[in-house]
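*Asks:* Take this structure first; my questions come after.
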Amino acid sequence: MQFLLVGAGLSGAVIGRKLAEAGHRCRIIDARDHIGGNCHTRRDEETGVMMHVYGPHIFHTDDEEVWSYVNGFTEFLPFQNRVKTTARGAVYSLPINLLTINQFFGTTMRPDEARDFIADQADTSITDPQSFEEQALRFVGRDLYEAFFKGYTEKQWGCSPTELPASILKRLPVRFNYDDNYFFHRFQGMPRDGYTPMIEAILDHPGITVELNTPYRPEMREAADHVFWSGPLDGFFDYQLGRLGYRTLDFERFTYEGDYQGCAVMNYGDRDVPWTRITEHKHFSPWEDHEDSVCYREYSREAGPDDIPYYPIRLVREKALLEDYIALAETTEGVTFVGRLGTYRYLDMDVTIREALDTAATFLGCLAEGKPVRAFIKSPR
């Protein structure tokens, strides 16, 4: 069969590879001039530093099959993300841990003492947190919330934390030890040569052709037996029901002679600092040695029609519109919607790869059994 895959990021590459290995032909197109989507990496010409062009992507997973899969196409080296934050004129460790608590409150508490202390700080009058703010107040109390979460969240999401669902904060842990590893997954690392060579290796199959600088056109469907769409869900339908909401990111690049901040990621929690964080890219490849440095100041704002969408907003209006697009997609034959944009969900890289592997397997199973293929192998709901 002949398949058209729209988007040469992780979803398109992994699905295309699996289908090609099963003997099918895959045409993968992308409107950009490079593969890899938002995890595209390249060498900075001025400094030689490996750049995460669209912001940092750190691979972490508990999925052993996914970890084995990516290591089959490149060499991953150990990397743990140790985030710092500048707030109220001091630098602290994130996630909030025992060092953060002791430094912030000027104490020397042991784990059990800190646990009891934070429990006293928490607003226990909030029994069923509905908003981000209520969850934070119930979780860590007002002092830590206002220092580390409130301003950063207002900048990141462009709205008050009272308007965001409590579920956003449930992903952020508080640790009563000195562990400052931002993630808790078993497998964590970075590809030695960047993500783009890894994706090149996935795409390196005689059954796959890749066409860059090639926007999708509806008539392309005529030459394909099936389409896998990893672009924006609403974009496939030319936004006929309206546009789903996204946040986008702007990056202000600057270079520095030496080491600018001593870590890969420095958050800025104060509301009067316009950027959310500064990333120093050479620290994402600690096995390399570079005298000079290249950094990004990162700004978040609402995505316009010509912007790259990063984070789905998924508030009340967007969820209602999403339901309408799901209904429209489910009546559209010959298309399967995949990935972060195609299913309008925030996905880490390991989940994106897992869902791509499952999508290909499910699709091939449906072909073998003569069953129809659903518009969504993984529901956007």
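The values are calculated or read from the model by the stated rules, or taken from the named source; none is laboratory data. These numbers come from a predicted model, not from an experiment. Glycine gets a Cβ as well: all are built from the backbone with ideal geometry, and neighbour counts include every protein chain shown.
*Asks:* Out of Met198, Met220, report the one residue that is assigned by TED's automatic domain parsing to the domain that holds Ile15, assigned to a helix (DSSP H, G or I) and either within 28 Å of Val49 (Cβ to Cβ) or of a type in the set (Phe, Trp, Tyr) (or both). Even if it seems obvious, please write down each step before you answer.
*Replies:* Numbers: Met220 fails: either within 28 Å of Val49 (Cβ to Cβ) or of a type in the set (Phe, Trp, Tyr) (or both).
Of Met198, Met220, the one residue that is assigned by TED's automatic domain parsing to the domain that holds Ile15, assigned to a helix (DSSP H, G or I) and either within 28 Å of Val49 (Cβ to Cβ) or of a type in the set (Phe, Trp, Tyr) (or both) is Met198.
*Asks:* Among the residues of region 338-381, what is the count of those that are in contact (Cβ under 8 Å) with a residue 24 or more places away in the chain, over 15 Å from Leu19 (Cα atoms), surrounded by fewer than 16 Cβ atoms within 10 Å (Cβ to Cβ) and small (Gly, Ala, Ser)?
*Replies:* Count: 1.
*Asks:* Within the bounds of region 150-162, is there any residue that is more than 21 Å from Ile101 (Cβ to Cβ) and assigned to a strand (DSSP E or B)?
*Replies:* No.
*Asks:* Only one of these is more than 14 Å from Phe363 (Cβ to Cβ) and in contact with a Cys (Cβ under 8 Å, 6 or more places away or on another chain): Leu19, Leu10, Leu5. Name it. Reasoning before the result, please.
*Replies:* Working: Leu19 fails: more than 14 Å from Phe363 (Cβ to Cβ); Leu5 fails: more than 14 Å from Phe363 (Cβ to Cβ).
From the options Leu19, Leu10, Leu5, the qualifying one is Leu10.
*Asks:* Hey, another quick one. Does region 129-144 contain any residue that is touching a Pro at 6+ places or on another chain (Cβ under 7 Å) and in contact (Cβ under 8 Å) with a residue 40 or more places away in the chain?
*Replies:* no
*Asks:* Could you tell me whether region 175-194 includes any residue that is of a type in the set (D, E, K, R), without any contact (Cβ under 8 Å) to a residue 40 or more places away in the chain, surrounded by fewer than 20 Cβ atoms within 10 Å (Cβ to Cβ) and not in a strand (DSSP E or B)?
*Replies:* Looking only at region 175-194, we keep the residues that are of a type in the set (D, E, K, R), and these are 175, 179-180, 186, 192-193.
From what's left, without any contact (Cβ under 8 Å) to a residue 40 or more places away in the chain: none.
Checked against the condition, which is being of a type in the set (D, E, K, R), without any contact (Cβ under 8 Å) to a residue 40 or more places away in the chain, surrounded by fewer than 20 Cβ atoms within 10 Å (Cβ to Cβ) and not in a strand (DSSP E or B), region 175-194 yields no hits at all.
*Asks:* Go over the candidates Gly36, Gly16, Gly12 one by one and state the one that is surrounded by 15 or more Cβ atoms within 10 Å (Cβ to Cβ) and in contact with a Gly (Cβ under 7 Å, 6 or more places away or on another chain). First the steps, then the outcome.
*Replies:* On the way: Gly16 fails: in contact with a Gly (Cβ under 7 Å, 6 or more places away or on another chain); Gly12 fails: in contact with a Gly (Cβ under 7 Å, 6 or more places away or on another chain).
None of the other options fit; the residue is Gly36.
*Asks:* While we're on this one: Taking Leu322 as the residue in question, decide whether it is hydrophobic (A, V, I, L, M, F, W, C), touching a residue at least 60 places away in the same chain (Cβ under 8 Å), in contact with a helix residue (DSSP H, G or I) (Cβ under 8 Å, 6 or more places away or on another chain) and over 18 Å from Leu4 (Cβ atoms). Steps first, answer last, please.
*Replies:* On the way: hydrophobic (A, V, I, L, M, F, W, C): yes; touching a residue at least 60 places away in the same chain (Cβ under 8 Å): yes; in contact with a helix residue (DSSP H, G or I) (Cβ under 8 Å, 6 or more places away or on another chain): yes; over 18 Å from Leu4 (Cβ atoms): yes.
So Leu322 fits the description; yes.
A quick yes/no check of all residues on (1) farther than 19 Å from Pro56 by Cβ; (2) out of contact with any Leu (no Cβ under 8 Å at 6 or more places or on another chain):
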residue	(1), (2)
Tyr268	no, yes
Arg271	yes, yes
Glu288	no, yes
Asp292	no, yes
Tyr325	yes, no
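*Asks:* Moving on. Yes or no: Thr100 part of a strand (DSSP E or B) and either in contact (Cβ under 8 Å) with a residue 40 or more places away in the chain or buried (at least 18 other Cβ atoms within 10 Å of the Cβ) (or both)?
*Replies:* Numbers: part of a strand (DSSP E or B): no; either in contact (Cβ under 8 Å) with a residue 40 or more places away in the chain or buried (at least 18 other Cβ atoms within 10 Å of the Cβ) (or both): yes.
So Thr100 does not fit the description; no.
*Asks:* Continuing with this model, one more query. Which one of Ala119, Ala201 is of a type in the set (A, V, I, L, M) and farther than 27 Å from Asp62 by Cβ?
*Replies:* Working: Ala201 fails: farther than 27 Å from Asp62 by Cβ.
Selected residue: Ala119, the only one of Ala119, Ala201 that is of a type in the set (A, V, I, L, M) and farther than 27 Å from Asp62 by Cβ.
*Asks:* Scan region 42-85 for residues that are farther than 17 Å from Asp350 by Cβ and β-branched (Val, Ile, Thr) and jot them down.
*Replies:* Thr47, Val49, Val53, Val83, Thr85
*Asks:* Does Tyr152 qualify as being in contact with a Cys (Cβ under 8 Å, 6 or more places away or on another chain) and touching a residue at least 60 places away in the same chain (Cβ under 8 Å)? Break it down into steps so the answer makes sense when it comes.
*Replies:* Numbers: in contact with a Cys (Cβ under 8 Å, 6 or more places away or on another chain): no; touching a residue at least 60 places away in the same chain (Cβ under 8 Å): yes.
So Tyr152 does not fit the description; no.
*Asks:* Residues of region 241-256 being touching a residue at least 60 places away in the same chain (Cβ under 8 Å) and of a type outside the set (A, V, I, L, M), which ones?
*Replies:* Once the filter is applied, which keeps residues that are touching a residue at least 60 places away in the same chain (Cβ under 8 Å) and of a type outside the set (A, V, I, L, M), region 241-256 yields Gly242, Arg243, Gly245, Tyr246, Arg247, Thr248, Phe251, Thr255.
*Asks:* Of Asp112, Asp116, Asp128, Asp120, which residue is in a loop (DSSP other than H, G, I, E, B), surrounded by fewer than 17 Cβ atoms within 10 Å (Cβ to Cβ), assigned by TED's automatic domain parsing to the domain that holds Asp143 and charged (D, E, K, R)?
*Replies:* Asp128
*Asks:* How many residues does region 309-337 contain that are of a type in the set (Val, Ile, Thr), at pLDDT 95 or above and surrounded by 13 or more Cβ atoms within 10 Å (Cβ to Cβ)?
*Replies:* From region 309-337, those of a type in the set (Val, Ile, Thr) are 313, 316, 326, 331-332, 335-336; that's our starting set.
With at pLDDT 95 or above added as a condition, the list becomes 326, 331-332, 335-336.
Within this subset, residues satisfying the condition of being surrounded by 13 or more Cβ atoms within 10 Å (Cβ to Cβ) are 326, 332, 335-336.
Going through region 309-337 one residue at a time, the tally reaches 4.
*Asks:* Can I ask one more? Of these, Thr279, Thr255, which one is out of contact with any Ser or Thr (no Cβ under 9 Å at 6 or more places or on another chain) and at pLDDT 95 or above? Spell out how you get there, then give the answer.
*Replies:* Working: Thr255 fails: out of contact with any Ser or Thr (no Cβ under 9 Å at 6 or more places or on another chain).
Thr279 is the lone residue from the list that is out of contact with any Ser or Thr (no Cβ under 9 Å at 6 or more places or on another chain) and at pLDDT 95 or above.
*Asks:* Another question about this same structure. Answer yes or no: is there a residue in region 180-188 that is at pLDDT 95 or above, among the charged types (D, E, K, R) and either within 29 Å of Gly36 (Cα to Cα) or in the same structural domain as Glu64 (by TED's automatic domain parsing) (or both).
*Replies:* Yes - at least one qualifying residue is present in region 180-188.
*Asks:* Take the conditions assigned to a loop (DSSP other than H, G, I, E, B) and not hydrophobic (A, V, I, L, M, F, W, C) and apply them to Gly235. Does it pass?
*Replies:* Values: assigned to a loop (DSSP other than H, G, I, E, B): no; not hydrophobic (A, V, I, L, M, F, W, C): yes.
It is false that Gly235 is assigned to a loop (DSSP other than H, G, I, E, B) and not hydrophobic (A, V, I, L, M, F, W, C).
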